[in-house]
Amino acid sequence: MGDRHTFATRTEARVKIATWITDFYNARRLHSVCGFKRPIDYERDYRATLTEGLAA
């Protein structure tokens, strides 16, 4: 149970959590699930295909 931590403020906790999420879900790293695209590029392309489908 060495993972437990007490934060002085909610802001401190939120910053620590946001930093952990950003580090864990690395948006720059290529992922095989995304066709070796960066997750942000994959999402952009995916949203573009949804928009194209609605325009058809």
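Structure notes:
- Breaking point among (1) within 12 Å of the chain's Cα centre (by Cα); (2) modelled with pLDDT under 80, for Leu30: (1)
- Test: Asp23 is at pLDDT below 90 and surrounded by fewer than 10 Cβ atoms within 10 Å (Cβ to Cβ): yes
The values are calculated or read from the model by the stated rules, or taken from the named source; none is laboratory data. Predicted model only: the values in this text are computed from it and were never measured. In this analysis, Cβ positions are derived from the backbone assuming ideal geometry, glycine residues included, and neighbour counts consider all displayed protein chains.
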